[in-house]
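Below: one structure, written as structure tokens.
The values are calculated or read from the model by the stated rules, or taken from the named source; none is laboratory data. Predicted model, so just to flag it, every value in this text is computed and none were measured. Cβ placement follows ideal geometry from the backbone for every residue including glycine, while neighbour counts extend to all protein chains displayed. Calculation scope for accessible area: heavy atoms of the full protein, side chains included, ligands and nucleic acids excluded. Shrake-Rupley method; radii C 1.70, N 1.55, O 1.52, S 1.80 Å.
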Amino acid sequence: MTLTFLLAAATVQAADWPSWGGRDPGRNMVSNEKGLPANFNPGEKSPTGSGILPGTTQNVRWVVKLGTFICGNPTVANGRVFVGSDDASLQGDPRLKRTKGGMVWCLDEKTGQTLWRLPVPARPKERLPENAHYGQQNLGVCSSPCVVGDRAYVVTNSCEILCLNVKSQAEGNQGPFQDEAQYIAGAKNPPVPIEKTDGDIIWKYDLVDDLGVCPHDVAACSILADGRFLYVTSANGVNHEHTFCLRPDAPSFICLDAQTGKLLATDTEGLGHRMWHCLWSPPTIGTVNGKKLVFFGGGDGVCYAFEALTEVPGQPVHFKKVWSFDCDLPNYRDPLGDGQSLQLLHRRQAQKIFDQQGRRHLPRAE
């Protein structure tokens, strides 16, 4: 089982770390904290598998057993710790069956006590594009929750963006989304009784159903919040054979309304036609020459900068690109020196195989 540790700092009260990258929207990973311990010892595991042996840790305030995998960073806000994991701990909940999906946890910062958790069932194959390569690693929720006030935003293992009430069902079922009983049970199972320690979903945006993407491996982007605007990559990626993108024209970078979950903006870069693997990079934001820009690393090996939104549009708009920079070396883009990129070579190889098997043609390579 994977364990979450809270380090014991020398200061009385540490500052919050509400998003991947900390408090700085530029996400430079710099903390202003002082008096932090230079090292820590996570302790020794109990031979019975019950946790960590008491007295074997150093500079650790508490230890919590959560699951088999934790791939994202914990975030901390207003006395609460938020973290994603797989759903291995569901074995102790008689209401639910484990689907090898994920969990979003909210823990008490002082004690490590579970305040609430949200099970996220695995996305079934019938709700994915044909020939998608997704979820097979069973890594759970890989996105670090982004906390703003009384809301937490997270990309789930089911390739959704969720807005969660940080106070959970203990405050009653808030928001337009009201079907948590069915959601946490899974679509093929009957609804379950909701408890106060269950998560409360305010709204949900499905990247596959609503945006038309084909995710690959995991959906791992950590959301960037800028006031009313939520910036996130779409998790679009290549097919099972790792040869081409099944949904090349689907957006790669989007913005949602933090209050409603409605789509506000998409890119028009056509990254799917140049996709190496998938879109996992968390975006960042900064002000350059008086203009606020959002940046993200694309699945084509290119870094992009777009103008940040300044007002909520009536209808979805397209981002305005300011610049882009190719982060790949020329000899990687053109390994044979004849102007033929690796993507094009892969697509031609895949097309030949498909033709020999009498299957459909791939979309035309650019």
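Results, tabulated for the structure shown:
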| item | result |
| --- | --- |
| Selected residue [touching a Phe, Trp or Tyr at 6+ places or on another chain (Cβ under 9 Å), surrounded by 14 or more Cβ atoms within 10 Å (Cβ to Cβ) and within 16 Å of Gly227 (Cβ to Cβ)] from Cys303, Cys255 | Cys255 |
| Residues located in the range 190-237, provided they are aliphatic (A, V, I, L, M) and in contact with a helix residue (DSSP H, G or I) (Cβ under 9 Å, 6 or more places away or on another chain) | Val192, Ile194, Ile201, Val208, Val213 |
| Near pairs, Cβ below 7 angstrom, 6+ apart or cross-chain, from the range 187-216 (in contact (Cβ under 8 Å) with a residue 24 or more places away in the chain) to any residue that is of a type in the set (Phe, Trp, Tyr) and in a loop (DSSP other than H, G, I, E, B) | Ile201/Phe177; Ile202/Phe177; Trp203/Phe177; Lys204/Phe177 |
| Any hit, the range 13-21, residues being under 30 Å from Ile285 (Cα atoms), open to solvent by 50 Å² or more (accessible area, probe 1.4 Å) and free of Cβ contacts under 8 Å to residues at least 40 places away in the same chain | yes |
| When residues of the range 240-252 are limited to those that are without any contact (Cβ under 8 Å) to a residue 60 or more places away in the chain and open to solvent by less than 10 Å² (accessible area, probe 1.4 Å), the one farthest from Lys125 (Cα to Cα) | Ser252 |
| Subset of the range 48-73 (residues that are closer than 25 Å to Arg98 by Cα and part of a loop (DSSP other than H, G, I, E, B)) | Thr48, Gly49, Ser50, Gly51, Thr68, Phe69, Ile70, Cys71, Gly72, Asn73 |
| Residue count for the range 27-65, restricted to those that are exposed (fewer than 14 other Cβ atoms within 10 Å of the Cβ), closer than 24 Å to Asp16 by Cβ and in contact with a strand residue (DSSP E or B) (Cβ under 9 Å, 6 or more places away or on another chain) | 4 |
| In the range 173-199, residue most open to solvent (accessible area, probe 1.4 Å) [restricted to those that are within 15 Å of Arg117 (Cα to Cα) and touching a strand residue (DSSP E or B) at 6+ places or on another chain (Cβ under 8 Å)] | Lys196 |
| Residues satisfying the stated conditions in the range 264-280, i.e. surrounded by fewer than 18 Cβ atoms within 10 Å (Cβ to Cβ) and either within 17 Å of the chain's Cα centre (by Cα) or aliphatic (A, V, I, L, M) (or both) | His277 |
| Matching entry among Leu118, Leu96 (being modelled with pLDDT of 90 or more and under 21 Å from the mean Cα position of the chain (by Cα)) | Leu118 |
| Pair list, Cβ under 9 Å, 6 or more apart: the range 97-113 residue at positive phi, other residue open to solvent by 10 Å² or more (accessible area, probe 1.4 Å) and of a type in the set (A, V, I, L, M) | Lys100/Ala122; Gly112/Leu6; Gly112/Val63; Gly112/Val64 |
| Meets criteria (open to solvent by 10 Å² or more (accessible area, probe 1.4 Å), within 28 Å of Asn239 (Cβ to Cβ) and of a type in the set (Val, Ile, Thr)) for Thr68 | yes |
| Any hit, the range 18-25, residues being part of a loop (DSSP other than H, G, I, E, B), modelled with pLDDT under 85, over 24 Å from the mean Cα position of the chain (by Cα) and not small (Gly, Ala, Ser) | no |
| Extreme residue, nearest to Cys142 (Cα to Cα), among residues of the range 282-294 that are open to solvent by less than 40 Å² (accessible area, probe 1.4 Å) and assigned to a loop (DSSP other than H, G, I, E, B) | Pro282 |
| Boolean, Phe325 is buried (at least 22 other Cβ atoms within 10 Å of the Cβ) and of a type outside the set (D, E, K, R) | no |
| Of residues in the range 147-167 being touching a residue at least 24 places away in the same chain (Cβ under 8 Å) and assigned to a loop (DSSP other than H, G, I, E, B), the one farthest from the chain's Cα centre (by Cα) | Lys167 |
| Test: Leu128 is in contact (Cβ under 8 Å) with a residue 12 or more places away in the chain and open to solvent by less than 20 Å² (accessible area, probe 1.4 Å) | no |
| The lone exception for Val312 - which of (1) over 20 Å from the mean Cα position of the chain (by Cα); (2) modelled with pLDDT under 90 it fails | (2) |
